[in-house]
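Encoded as structure tokens, the structure appears first; notes follow it.
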Amino acid sequence: MSKGFTPSPATPGVITANDLRMGHCVWMRDGKWTADPREAELFEDEAIAELALLDAIAQADQVVGPYLVEAKRGPDGRPEPAHFREAFRRTGPSNYFHGKQAEFVQSELEASNV
Amino acid sequence: MFDARPQHNEYLRHRAQQFRQQVERRLDGSLTEDEFRPLRLMNGVYLQLHAYMLRVAIPYGTISPDQMRTLALLAEKWDKGYGHWTTRQNIQFNWPKLVDIPDMLDALADVGLHAIQTSGNTIRNVTTDAFAGAAADEIADPRPYAELLRQWSTDHAEFQFLPRKFKIAVSGGKKDRAVIAAHDIGLRLVSNDKGELGYQVWIGGGLGRTPLLGQVVREYLPEADLLPYIEAIIAAYNLSGRRDNKYKARIKITVAERGLEVMRDEIEAEFQRRREVFSGADQDLLAALKTLYAAPAFRNEPEGDYEERRAANPGFRSWTDTNLSAHKQAGYASVTVTFKAPGQTPGDASAEQMRLLADLAERFGHHDLRISHEQNVVLPHVHKSDLFAVYQELKAAGLATANAGLISDIVACPGMDYCTLATARSIPIAQEIAAHFRARGLEEEIGRFNIRISGCINACGHHHLGHIGILGLDRAGVENYQITLGGDGYDIPAIGQRAGAGFPAEEVVPAIDRVINAYLELRETPEERFIDTYRRVGVAPFKAALYPADA
């Protein structure tokens, strides 16, 4: 399922899928799923990534179509997309402000009110 | 057979209940995703980039006001307040949750709508002319034939596992407005030399990665032989269509590889066998459907102050110049409501807009609405004395853009903003082109112009048929757009030719702008459309405009 690359420190990857019940994009961290792509676990080792992907595939009661895809390590150490398709999966469609981008604004507003 | 009236339908409720149980079995682990996927696809449920997508069939684009209100309800209750008209006269909802879709199917069943065979390797929604039953040039109304085909094909046991999806279009006008040549089967209603109605039958057309125009397999098929002949075509294809390679599985490849004559002989032999089995029940049904689609009680009244309003109101005049089509009934016109306002996503309709259209159809439009394959909505029967009132209400809802058939009336697939198959975005390109030519104030001067955009090689935006077609691709991780020139989906079907190397996203608008400037210089009269100029002078000057460095 990995899309044409081998996870390494120079080319890390994330594991992503869609939520079975709701359909939204999710990313794997510590064997669990988060809707926040900034929380995704960066895999820099091929063997560890493949084991994690097997774990993801086994969680078919929660997610659909998990795959390992190349990512970048951002300046803050968090993952960033390496390809525009993955960038759109993080942000939602570019024609409306009601995909993930809106959810992030909402979650940041809520965080700032805490 | 399947009952298609726009009312509560027990069979569809039963089908929705089946799907509800399938969803439950998927969630409790009884079904794997591999087992569930074909079941959800049979009910029009895809998993897209950000969410599930539900594609609802709008049979040959014909929809009643109550059905339209149900689409509005779905948009509001289970989606984000809007739906998307597709190039196959259907609607897609982009944000449903899997767990809500059974409830959506129940709501659809209450008005006779469904999502059956909107996916999968089956006979898909039959499409036709959005002006059926209204167009001045019509030989016969194609809807009874389209409905007969739909009832026959819905859940047809023999054709649930075809080599690939199968699309049938029917056209009743002298001018083809259903793109007959780009379908697996295209039917043109014609009269023979005795004046008897029948069909010219085309097979083997299609777009996608191997665009091919269909060929006439039978010049004249008598009216009563429709179902046995169509059955024979699909039965022959079902046996000889390739199942080893999904990209070579459509009937267009079967016809291209095996030859039209071989296919015709097989079809004719099968036709003779099948015709024996038909008892005439199909013809009884067809007669009933002709009654169902009888013309409404048209009003025989003067046009009122229509011409005075046109003279006094430039906005109304401009809208009537572009968005009306000739009606067979004196005093009437067909109204095209474009969903291509400045900045709008082509084909997106809000729940409020759907409700307004339902109201307008009831008050002014003989309860009739159509979805066109150009992603617009048509009110087929409006009396001219009512046009100003219709215009004012549309205008208040942002739906009176006077651009039907103009350069900003762009057809575009959802592209990578939604679609998991897409290789690039379509919607922003459409928005930028429309905004550019509106800002230049050139739309009316350019005149009839057809731009079509697809976000991948599967060609849902029918880019091959655009006067200018745009195909979005991924070139080394960057969106890149190929331009095709000279396609035509209307008068003389033609597949556009690729002009040359693709353009990065930010260079698409300047490239199209250069083509338009070249056209405006080359055309001999303002009436000469781009496609006419292209056919007169050839591709060279437009290639030179696209690639000035090479010239």
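Readers should treat all values here as calculations from the given coordinates under stated rules, not as data from a laboratory. Note that the structure is a prediction, hence the values are computed from the model and not measured. Methodologically, a virtual Cβ is constructed for each residue, glycine included, from the backbone with ideal geometry; neighbour enumeration extends over all protein chains shown.
A few comments on the model shown:
- For the options A:Pro66, A:Pro93, A:Pro37, a Gaussian network treatment of chain A with springs between C-alpha atoms closer than 10 Å singles out A:Pro93 as fluctuating the most.
- Neighbouring Cβ atoms from other chains, within 10 Å of the Cβ of residues in A:61-70, number 2 on average.
- Average Cα contact separation per residue, chain B, under 8 Å, 6 or more apart, as relative contact order %: 12 percent
- Each Lys or Arg adds one and each Asp or Glu takes one away; over the other residues whose Cβ falls under 12 Å from the Cβ of B:Ala412, this sums to -2.
- Rounded to the nearest 20, the size of the Cβ-charge dipole of chain B about its Cα centre is 960 debye, with Lys and Arg at +1 and Asp and Glu at -1.
- Ranked by the mean number of other Cβ atoms within 10 Å of their residues, highest first, the peptides B:135-141, B:277-283, B:65-71 fall in the order B:65-71, B:135-141, B:277-283.
- Relative contact order (%) - region A:13-113, alpha-carbon pairs under 8 angstrom, separation at least six: 25 percent
- Per residue, the convex hull spanned by the Cα atoms of region B:134-292 amounts to 118 cubic angstrom.
- Residues within the reach of a label modelled at A:Ala102 (point 7 angstrom out along Cα to beta-carbon, backbone nitrogen below 14 Å), restricted to region B:43-83, are B:51, B:75-83.
- Each residue of region B:289-296 is assigned a 3J(HN,Hα), and the resulting list reads 5, 5, 5, 4, 9, 4, 4, x Hz, derived from the Karplus form 6.51 cos²θ - 1.76 cosθ + 1.60 (θ = phi - 60°), x at Gly and Pro.
- Global geometry of region B:1-62, whether rounded, prolate or oblate, following the gyration tensor of its Cα atoms and the 1.5 cut on a/c: oblate
- Counting, for every residue in B:49-57, the Cβ atoms of other protein chains within 10 Å of its Cβ and taking the mean gives 4.
- In region B:308-396, a dipole from Cβ-located charges (positive for Lys and Arg, negative for Asp and Glu) runs towards its positive end, and of B:Ser350, B:Ala396, B:Asn323 it is B:Asn323 whose Cα lies farthest in that direction.
- Inter-label distance for B:Asp359 and B:Arg317, nm, one decimal - labels placed 7 Å from Cα along Cα-to-Cβ: 3.0 nm
- Projecting the Cα positions of A:Asn18, A:Leu53, A:Gly74 onto the charge dipole of region A:13-113 (unit charges on Cβ atoms of Lys, Arg, Asp and Glu, taken about the Cα centre) puts A:Asn18 furthest along the positive direction.
- Across region B:134-292, the relative contact order, built from alpha-carbon pairs under 8 Å that are at least six residues apart, equals 20 percent.
- Cross-link check: pairs B:Lys290/B:Lys384; B:Lys290/B:Lys328; B:Lys97/B:Lys165; B:Lys80/B:Lys165; B:Lys174/B:Lys194 evaluated at a Cα-Cα cut-off of 22 Å; pairs beyond the cut-off: B:Lys290/B:Lys384; B:Lys97/B:Lys165; B:Lys80/B:Lys165.
- Note on B:Cys419, B:Cys413: ascending count of other Cβ atoms within 10 Å places them as B:Cys419, B:Cys413, the fewest first.
- Full extension of the segment from B:Thr32 to B:Gln392, taken as 0.36 nm per residue of separation minus the current Cα-Cα distance, would add 124.3 nm.
- Number of partner chain Cβ atoms within 10 Å, mean per residue of B:99-109: 1
- Positive contributions from Lys and Arg (+1) and negative ones from Asp and Glu (-1), summed over other residues with Cβ under 10 Å from the Cβ of A:Ser94, come out at 0.
- Prolate/oblate/rounded label for chain B (Cα gyration tensor, a/c 1.5): rounded
- Exposure proxy ranking for B:Phe166, A:Phe5, based on other Cβ atoms within 10 angstrom of each Cβ and starting from the fewest, stands as A:Phe5, B:Phe166.
- Modelled spin labels at B:Asn245 and B:Glu158, positioned 7 Å past Cα toward Cβ, are 2.9 nm from each other.
- Close amide H pairs (under 5 Å, H built 1.01 Å from N) link B:Ala57 with B:His114, B:Ala115, B:Ile116, residues at least 5 positions away or on another chain.
- For region B:411-550, a Kirkwood hydrodynamic radius built from all Cα pairs, placed in the Stokes-Einstein relation at 25 °C and 0.890 mPa s, yields a translational diffusion coefficient of 164 µm²/s.
- Relative packing of B:31-40, B:106-115, B:189-198, B:474-483, which averages over residues the other C-beta atoms within 10 Å, highest first: B:106-115, B:474-483, B:31-40, B:189-198
- Per-residue ellipticity at 222 nm from helix content only, as computed over chain B with -39500 (n - 2.57) for each DSSP H run of at least four residues, stands at -11000 deg cm²/dmol.
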